[in-house]
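Report on the structure given below.
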Amino acid sequence: MNKPASVPEQFDVVVAGAGFSGLYMLYRLRQLGLSVKVLESAGDVGGTWYWNRYPGARCDIPTTDYTYSFDPELEKEWTWSEKYATQPEILEYLRFVADRHGLRSDIEFSATVTSARWDEPEKRWRITTDGGQEIRCRYYIMATGCLSMPKSPDIEGAGRFAGQVYFTSRWPHEGVDLTGQRVAVIGTGSSGIQSIPLIARQARRLTVFQRTPNFSIPAHNGPAPADRLERLAEDRDEYRDAARWSRGGVPIDPTDILGGTASEAVRRERFEAAWEQGELFGILNVFADQGVNPASNDIVAEMIREKIRSIVTDPGIAEALCPKDHYFGTKRPCLDTGYFETYNLPHVQLVDLRKQPIVSITEEGIETADESFGFDAIVYATGFDAMTGALVAADVAGRDGVSLKEKWAAGPSTYLGLMTTGFPNFFMLTGPGSPSVLSNMTVSIEQHVDWVAGCLENMRDEGLETIEPTALAEAGWNQHVQDCAAITLHPTANSWYMGANVPGKPRVFLPYIGGVNAYRQACDEVAAQGYLGFRLTGPGEDRCRDGVIRRMQPDVAMVLEFMAAAGMPPLETLSAADARALLAVTAEARPPGPEVGEVTDGVIPGPSGHLPYRLYRPAGPSEGLRPLVVYFHGGGWVLGNLDSDDPLCRDLCARSGAVVVSVNYRHAPEVRFPAAALDAFAAVQWADANAIELGGIPGQLAVAGWSAGANVAAVACQLARGAEGPHISGQLLVCPVVDSDMTRPSYTENGDGYILTTALMRWFWDHYADPADRGDPRAAPLHGNLEGLPEACIVTADFDPLRDEGVAYARALEAAGVPVRLVRARGHTHTSVTMVGVVISGAPVRAEIGEALGDFFPAP
Ligand code: FAD
Ligand code: NAP
C-alpha cells in the first residue's frame, strides 16, 4: 500500500528493486543495523524472474552457479532440479530466500521510485514514488537491474495492431494460450530463441521476424552437471571462491591454446567438447584469443555455422540463420533447446528482415517490403534499454540538480560502476562500468553488495556522512573500461552491450570486460587504499586520497604478469652473452609481425668493417621508389639485432609505406662509445648515397629507432647536420635514451617493475660509456646543439623510466625551433608499444607513428 504524501518517512537507506541485488543488499544492510526501505515496482520479489515469464525462460548460467553463495545453509536447503532452471523455479527460489530471511517486511511492492533528489544542506536523498510517497534517506541504492527496462517497440505502427500483443519481458502472469493461433515473434535474441520452440508447439502458424541471426548452442539441459556437483560437495568454499576469482564468475580452466596455431584436430576437439558441454563460458573458451583475434574467432564462428547448416534442412533458411555480421561472442550468445530444429517444422516461417524490412505494423498484422502477414498475436522479444535504462528512467538528480540523464547524455560515466561524481551517497548495483552482464550476475551482485556494505560500515565506524568519487578517479575508470573493451572485438558489434539496440543511445561499451577477478581486485584495492578516488566528508572532516586505480593498458598488465610468472632473471644480473641468448629464446615465441612485400638481408660498409642490414619493402608494385627510413634497434647498445626488432620493422614498413632499412650497429661491451653512434651515422650516409638501389626516393630519407636505437638515430641527425649532410627529412624516436641523468621523476616512478628498470639502464650505460663520456652529445643528444635538426616524432610511454627525458628532448627541440610531434603511449611501458601482435593496445600508437613517418615526406 502506498502511503499518503504527508510527513516524509526517514531511513538510513532506500533501495530500489527487489531482485537478486535488492534482496541481498537488504540482508546486508540489516546486518549493519541500518534502517532500510526497499521499493519495488513489481508485486513481489524476483526482479528479472518476476517479469520474464515467457515460455522457455531459463537461466543460461548453470544453476549450481547462478545462485546466492552468501548463506551456506541456504545452499543446503535448496536443491536445483535442473542444469538450467526454469523461470518459475528461480522465482520460487528468490521467494524462498526472502521468506527464509524475513525480508518482505522491509519491502514495499507496487512502488516505483519516480524521482530522487539530493538535498545538499540536509545531506539526504529525497525519494518520491509513483504513489506520491516521499522518503528521506542518507543513502540511495539502485538495485534496479541491467535488463529490467524493456525497449519500447521502435517499429512504425506498433500501436495499431488489433490482435493480442505480448512482450517476453512483461509476459502475463496468468500465462498465454496460443493454441491454434497465427503468431508473430519479432526478435531473435536470447528471449526469442528460448521462446520460439515452445510457441511453435502451440501456434497454428508461427512467423519469426529476424533482423540479426544470432549464435546459439544447445543447452543440453538435464540434471546439474556432475563435475560441478562433485566439486561443490568436496569443498564448497573453495568452489565459491574460485568463482569469485574467475574471469566470468564461473570456475573454468582458461585455455592458453590459440586458434591460429592449434592443429585442425585440436580445434575440432575443443569445439565439439564445448558444443557438447552446452555452457556459455565453455564455448567462449575454445581458444584463448577468440575474443580478440578475428581469425581465431572466425574458426569458432564457422564451426557454429556448420552446425546450423547440419540441423536446418532447407539450405536457404539455414543460411539466413547463420550469423555473419558480427564476431562470435560480441553479442550475447544464446543457449537453446531445439531452436534451429524449429525451422524444420512446416508451420514455422522465417522472415529475414535484412531482405524484406518491416514497413509497418498494421491492424491485421505486419507488412514488410515484400509481403503482408495476418496474425492473431504478436510477441515482441525485442530486448531492453540495457544497463542505463532503469537508472536514467528513475529521474535521479544529484548536487546542483543535474540529472543522471543529463550527465550521461554522451554515455554513462561511473567510478567502478558503483558511484558517479556529483551524486553523493548514491550507489548503483551492477552499474555501467562493472562486469555485470558479462559475468555470472549472482557473483557480481554479491561482490557489489558486499563492497557497498563494507563502505557504509566504514562510513559509520569513522563517523562520516558523505562519499562521492572524484572527477579524476571517475575519468580514469571510464578510460580503463574503454581500454579493456578496445583490445577486444566487442566494440565492432551493434550489440546492446554497445547501446546500439536503442535508437539514439550513445554508442559506448557499457560493461567492464576486464574480468570479475580483475575487477574485484581493483575494488578491493580502492577500499584498502582508504577509498582511493573518493571524497569522504563528515563533521569537521573532508578527506580525499585522489588518484586513478588502473592506468596501465590491460594487455600490458597481462604481459607483465605473464613475465613475472615466467620468472625470467633480471637481465642486469646476467652477462651480456647470456642476456642476448635469453632474449633470442623469448623472441622465438613471438608473432612474426605483418606481411610486407619483400624482405632482404645484406651488408653495408661501416666505419670499421661491414654492418648487416635488413631491408623491408612494402607490398605493392616493386618497381616504384618509396621514401626510405633507416631504423636502429633497441637494446641498450648491448642487446638486440636485426631479428629482435623484425616485427616492429615490418609494422613500420606496412603502416608507413616506406622502405625500411634496419641496420645492426656494433654493440657494447665489445665495442664501446661512440662506436654505435658512428655506425648509425655511417649507415645513414650510405643509405642516402644508395637510395635508388635500395628502392628509395633520393632526398626522402628519415631515421628511426627505439630506445638505444633512438639514441643513435638522434645522434646521427646531429652528426649529419654538423657534417652538412645528408639531408634527413625526419627523426622518429620511440622511447629514446637522450640523457644519462637518472634523477628525473619518471626514473623514481617507473624505475622498477616495468621491464626496463633503473638497474638495467645503469647496466646498459656501464657497458656502453665511461662516466666521463656520458654527457657527450654523441651519448646524450639532449646536451647537443638542437638547432636546424630534422622535424621529430617522439614517443614516450607512461610507465617508462625514460619518459621524462623523451619529453625533455621534445621540449628542447621545440625551443630550438624544430617541429615536434609528441606521441604519448598512454598506459604503456618502455617495451610494450613495440610488441607487435602481442600488445593489441600498442596498435593505435603504432598507427600514429606510421602516420608521423609518412608526414615526414611530401605527399606522393
Ligand atoms: P533485476 O532482477 O532486474 O531486478 C530489478 C528490480 O528493480 C525489478 O524488479 C524492477 O521492477 C525494479 N525496479 C526497476 N526500476 C525501479 C524503480 N524505479 N522503482 C522501483 N523498482 C524498480 N544473468 C545471469 O547471470 N545468468 C542468467 O542466466 C541470466 N538469465 C537472464 C534471463 C533473462 C530473461 C533476463 C532478462 C536476464 C537474465 N540475466 C541473467 C540477467 C539478470 O537480469 C540478472 O542475473 C539478475 O537477475 C539481475 O538481478 P537484479 O536484482 O540486479 O535486477
Ligand atoms: P536482445 O538480445 O536485445 O534481442 C532482441 C532481438 O530483437 C534482437 O534479435 C534484435 O535484433 C531484435 N529487435 C530489436 N528491435 C527490433 C526491431 N525494431 N525490429 C526488428 N527486430 C528487432 O534481447 P533479449 O533476447 O531479451 O535478451 C537480452 C539479454 O537478456 C540477453 O542478451 C541475456 O543477457 C539476457 N537474457 C538471458 C536469457 C537466458 O538465456 N538466460 C534469456 C533472455 C534474456 P538486432 O540484433 O538486429 O538488434
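The values are calculated or read from the model by the stated rules, or taken from the named source; none is laboratory data. Since this is a predicted model, take the numbers as computed values, not measurements. Backbone-built Cβ (ideal geometry, glycine too); neighbour counts: all protein chains shown. Heavy atoms of the whole protein, side chains included, go into the accessibility calculation; ligands, DNA and RNA do not. Shrake-Rupley method; radii C 1.70, N 1.55, O 1.52, S 1.80 Å.
Loop only by DSSP, 11 or fewer other Cβ within 10 Å of the Cβ. Give me the trypsin sites (Lys or Arg not before Pro) in the range 48-115 that pass, ordered by residue number.
none
Accessible surface calculations at 1.4 Å, restricted to protein heavy atoms, place the range 378-475 at 25 Å² per residue. Between the alpha-carbon centres of the range 562-630 and the range 502-554 there is a gap of 40 Å. The alpha carbons of the chain give a radius of gyration and a Dmax of 31.2, 95 Å, in that order.
So how strong a dipole does the chain carry about its Cα centre when Lys and Arg Cβ are +1 and Asp and Glu Cβ are -1, to the nearest 20 debye?
Dipole magnitude for the chain comes out near 1240 debye.
As a length-normalised measure over Cα pairs under 8 Å and 6 or more apart, the relative contact order of the chain settles at 10 percent.
Computed from the Cβ-Cβ distance with R0 of 51 Å, the FRET efficiency linking H347 to T79 stands at 0.85. Here is the link list: K123/K505; K331/K355; K37/K505; K37/K76; K151/K331. Which ones come out longer than 24 Å on Cα distance? Pairs exceeding 24 Å: K123/K505; K37/K505; K37/K76. In bins 10 Å wide, starting from 0, what share of all Cα pairs of the range 538-692 does each bin hold, as a percent? Reading upward from the zero bin: 9, 29, 29, 18, 7, 4, 3, 1.
Between the range 78-120 and the range 785-811, what is the C-alpha centre distance in whole Å? For the range 78-120 versus the range 785-811, the Cα centre distance is 58 Å.
Out of all DSSP beta bridges with both ends in the chain, state the antiparallel percent to the nearest 5.
Bridges in the chain are about 40 percent antiparallel.
Using a cutoff of 8 angstrom between alpha carbon atoms and counting only pairs six or more residues apart, the relative contact order for the range 599-725 works out to 32 percent.
Multiplying the residue separation of K355 and V599 by 0.36 nm and subtracting their alpha-carbon distance yields 83.2 nm.
Restricting the range 159-207 to trypsin sites (Lys or Arg not before Pro) that sit in a DSSP loop and have at most 14 other Cβ atoms within 10 Å of their own Cβ leaves R160, R204.
Other residues with beta-carbon under 14 Å from the beta-carbon of N214 carry, at +1 per Lys or Arg and -1 per Asp or Glu, a net charge of +3. Per residue, the accessible area of the range 149-293 comes to 46 Å², computed with a 1.4 Å probe over protein heavy atoms only. Placing a label point 7 Å from the Cα of V165 along the Cα-to-Cβ line, the residues of the range 362-386 whose backbone N sits under 15 Å from it are 362-367, 375-383.
In the context of the full set of protein chains, the range 35-123 has a per residue accessible area of 36 Å² (1.4 Å probe).
So if I average 1/r over every pair of distinct C-alpha atoms in the range 183-232 and take the inverse, what Kirkwood radius in Å does that give? Don't skip to the answer; put the middle values down first.
Numbers: mean 1/r = 0.0767 Å⁻¹.
After inverting the mean inverse Cα-Cα distance, the result is 13.0 Å.
Other residues with beta-carbon under 14 Å from the beta-carbon of D336 carry, at +1 per Lys or Arg and -1 per Asp or Glu, a net charge of +1.
At 0.36 nm per residue, and after removing the present C-alpha to C-alpha distance, how many nm does the segment from R762 to R590 gain when stretched out fully?
Value of the extension gain: 59.2 nm.
Only helices enter this figure: runs of n ≥ 4 DSSP H residues, each worth -39500 (n - 2.57), summed and divided by the residues of the chain, yield -10000 deg cm²/dmol at 222 nm to the nearest 500. A cut-off under 14 angstrom between Cβ atoms defines the neighbours of R550, and their net charge, with Lys, Arg +1 and Asp, Glu -1, is -4. A DSSP coil position with no more than 15 other Cβ atoms inside 10 Å describes the following GluC sites (Glu not before Pro) in the range 103-166: E122, E156. Applying 1/(1 + (r/R0)^6) with R0 = 56 Å to the Cβ-Cβ distance of S115 and A619 gives a FRET efficiency near 0.40.
Give the carbon-plus-sulfur fraction of the accessible surface of the chain in %, rounded to a whole number; probe 1.4 Å, heavy atoms of protein chains only. C and S fraction of accessible area: 52 percent.
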